[in-house]
Amino acid sequence: IEKLEEKLLEDDANFLIEKQSDQLEFRALTILSRLTTGALHLYPSTVQKDISAISSSSLKFQSKEWNAAQVRLGEMQSLEVLRSIATSGSKQMRKRAQEIVPSTHPSLKIHRTTCPEENVIDLLNDSYFAI
């Protein structure tokens, strides 16, 4: 967290946060998967529906509507790919992390609601996950 705050204050958009543990990678990838899923739900259509609409004769080639559908399709496809990579990666990181810590370890538990207060301090303590 400190490194992120430091780099954001420097206004340096090209920085790298080194991998610290499989548990933190699992959490980050799981969050990315959830964010992309949420972003996809904001679209009024799906990839399949947009492909059908673009392929059909209902949209005139290179019209404003056709171009908008192409852009939206590209956005949704990019999010689908990112979600797939994040989901696959989080599963791999969880499996690797379970070789080090038990599956009941707080670092491997992802809550659907706000994290319980008793876990927050441990989750924010970087050395806690450097097993």
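Numbers below:
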| read-out | value |
| --- | --- |
| Charge sum, other residues only, whose C-beta stays under 12 Å from L42's C-beta, Lys/Arg counted +1 and Asp/Glu -1 | 0 |
| Calculated diffusion of region 42-102, Stokes-Einstein form, Kirkwood radius summed over Cα pairs, 37 °C and 0.692 mPa s, µm²/s | 238 |
| Accessible surface, 1.4 Å probe, highest first, among residues I85, I110 | I85, I110 |
| Over 32 Å between alpha carbons, listed pairs K3/K49; K49/K109; K7/K49; K64/K91; K3/K109; K7/K91 | K3/K49; K49/K109; K7/K49; K64/K91 |
| Computed E for L4/R112 - FRET, C-beta separation, R0 25 angstrom, nearest 0.05 | 0.50 |
| GluC sites (Glu not before Pro) within region 9-117: DSSP coil, no more than 15 neighbouring Cβ in 10 Å | E10, E18, E99 |
| Square roots of 5 times each gyration tensor eigenvalue, C-alpha, region 1-78, largest first, Å | 38, 16, 9 |
| Label point distance in nm, S88-S103, each placed 7 Å from Cα along Cα→Cβ | 2.3 |
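The values are calculated or read from the model by the stated rules, or taken from the named source; none is laboratory data. These figures come from a predicted structure and were not determined experimentally. Using ideal geometry, Cβ is built from the backbone for each residue, glycine included, and neighbour counts are taken over all protein chains shown. Each accessible area value is taken on the protein alone, full model and side chains, heavy atoms only, with ligands, DNA and RNA left out. Shrake-Rupley method; radii C 1.70, N 1.55, O 1.52, S 1.80 Å.
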